[in-house]
Amino acid sequence: MVNVGSRTGLKACDVAVETLRDVGVPLHAVYRLSDASRLPETVSGAIDAGHDLVVLGGGDGTVSAAVDVLAHREVPIGLLPLGTANDFARTMHIPTDIDGACRTIADGHVVDVDLGLCGDNYYVNRASVGMGAHVAQAMSPWLKRRLRPLAYPTATVKALLRHQPFRARLTFPDGDHEPCEFPRLMQVSVANGRYFGGGQQAVSDAGIDDDALDVTVIRHGGPLQMASIAREMRSGSEADSAHVTHIRTRRVEVHTDDELPINIDGEVVAQTPQVFALARNALHVVAPQTWVDGTGM
C-alpha cells in the first residue's frame, strides 16, 4: 500500500513492487492510494482478507494513519520510507533507499514495539502541544514537495512567528511523579520513539520498546535560547536545563488554560486536555536482522 501523494510515492511504487518480487516477497495485492484518508479502511480490508504482511509506502503520517488499525493485531508491517522525515524508519534502522528497504522486508525479522496513545489515537513517534502543533499546521503538502528536507525548518520559522507562550499543568495518574506546573512554555512533547521532527531526539537513550514515554517540556525563550535547545534536541541531551525539563513515565495528563491543538506524528488530530499513555508491544514491524532492542543494537 503506497501513499502516492507522499513526496516520492508515485515514482517509487512501481520500482518497489518490482524489487519486492525480485527479492522473493510474494505480493497478492497492490494499492496505490492517492487519498490518504482511505488507508485505514484499506489496511483493515487486507487484514480481514487474510494477508499476513502489510507493506506501507509513505512517510511518518502514513504509518501513524495505519497504526490505529494495526495496533494489537498479529499482522506485521514492512516499511518503504517515502516521506519527508522518515523518523519511524530512522528509529527502526530501516534503510531509506528502496532497494535496502525491500531487502529488509525480505530478509529481516519481526519485532514488537510500543505505541503511544493520545486519548484514543495511537502514534509511533511523538505527540506535542505548542510549537510542534504549529509546525504541523504550517507543513503543507506543497511545502513538502517543493522544499523536501528544508520543509521542516521553513515550517518551524513560520510557526515561530505565530507562537504564543502557554501555561501547562502535568499530572501523573500512576503516581510516579508529583504534579508540576509551567507558566510560559514553547512546547510539551510526549515521545514514544527515538526520533521525531526530521531527526530530533527525545533523549539519547530513548527506545521504542523501552516501556516508557519521554516527556520534554520546553520553556519559552529568546533566539539564543532556542538555538541552544535545538542543539540539545539534535543530540538527545538527557540533562535538564533552565529551558528544558525531561520526565520519563508511562502515563501523563496535560492540561492547558485554553484548549490547544495536539500534533500526532505530523497531523493535528486532538486538543488539550488529554491523557497520554503507553501501549506496550502493540505493533509488529519487520526490522533489520541487526535489530535487537529499542536502540537497534
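Please verify whether L82 is in the same structural domain as D107 (by TED's automatic domain parsing), over 26 Å from F196 (Cα atoms) and crowded, with 22+ Cβ neighbours inside 10 Å, treating the condition exactly as stated.
Values: in the same structural domain as D107 (by TED's automatic domain parsing): yes; over 26 Å from F196 (Cα atoms): no; crowded, with 22+ Cβ neighbours inside 10 Å: yes.
So L82 does not fit the description; no.
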* Asked: Name the pairs whose Cβ atoms lie under 7 Å apart, with the first residue in segment 77-99 and over 18 Å from H109 (Cβ atoms), the second in a strand (DSSP E or B) and at pLDDT below 95, and 6 or more positions between them or separate chains?
  -> L82/G57; L82/G58; G83/G58; D87/Y195; D87/F196; R90/Y195; T96/P81; I98/L80
* To do: Hand me the list of strands (runs of 3 or more DSSP E) wholly inside segment 241-295 holding 3 or more residues that are in contact (Cβ under 8 Å) with a residue 24 or more places away in the chain and over 15 Å from Y123 (Cβ atoms).
  => 244-249, 251-256, 274-287
* Asked: Which ones in segment 13-52 are surrounded by 15 or more Cβ atoms within 10 Å (Cβ to Cβ) and in a loop (DSSP other than H, G, I, E, B)?
  -> V25, Y31, H51
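Which of the residues that make up segment 149-207 are among the polar types (S, T, N, Q) and either modelled with pLDDT under 90 or closer than 22 Å to S64 by Cα (or both)? Even if it seems obvious, please write down each step before you answer.
Narrowing segment 149-207 to residues among the polar types (S, T, N, Q): 154, 156, 164, 171, 187, 189, 192, 200-201, 204.
Matches in segment 149-207: T154, T156, Q164, Q187, S189, N192, Q200, Q201, S204.
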* How many residues does segment 161-179 hold that are closer than 18 Å to P273 by Cα and not in a loop (DSSP other than H, G, I, E, B)? -> 6
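Conditions (1) at pLDDT below 90; (2) of a type in the set (A, V, I, L, M); (3) closer than 22 Å to G78 by Cβ, marked per residue:
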{"residue": "E238", "(1), (2), (3)": "yes, no, no"}
{"residue": "D258", "(1), (2), (3)": "no, no, no"}
{"residue": "Q271", "(1), (2), (3)": "no, no, no"}
{"residue": "L278", "(1), (2), (3)": "no, yes, no"}
{"residue": "H284", "(1), (2), (3)": "no, no, yes"}
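Residue-by-condition table, conditions (1) in contact with a helix residue (DSSP H, G or I) (Cβ under 6 Å, 6 or more places away or on another chain); (2) not polar (S, T, N, Q):
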{"site": "E41", "(1), (2)": "no, yes"}
{"site": "G50", "(1), (2)": "no, yes"}
{"site": "T62", "(1), (2)": "no, no"}
{"site": "H72", "(1), (2)": "no, yes"}
{"site": "V75", "(1), (2)": "yes, yes"}
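The values are calculated or read from the model by the stated rules, or taken from the named source; none is laboratory data. Keep in mind that this is a model prediction, so the values were computed, not measured. A quick note on method: Cβ atoms are made from the backbone with ideal geometry, for glycine too, and the neighbour counts reach across all protein chains shown.
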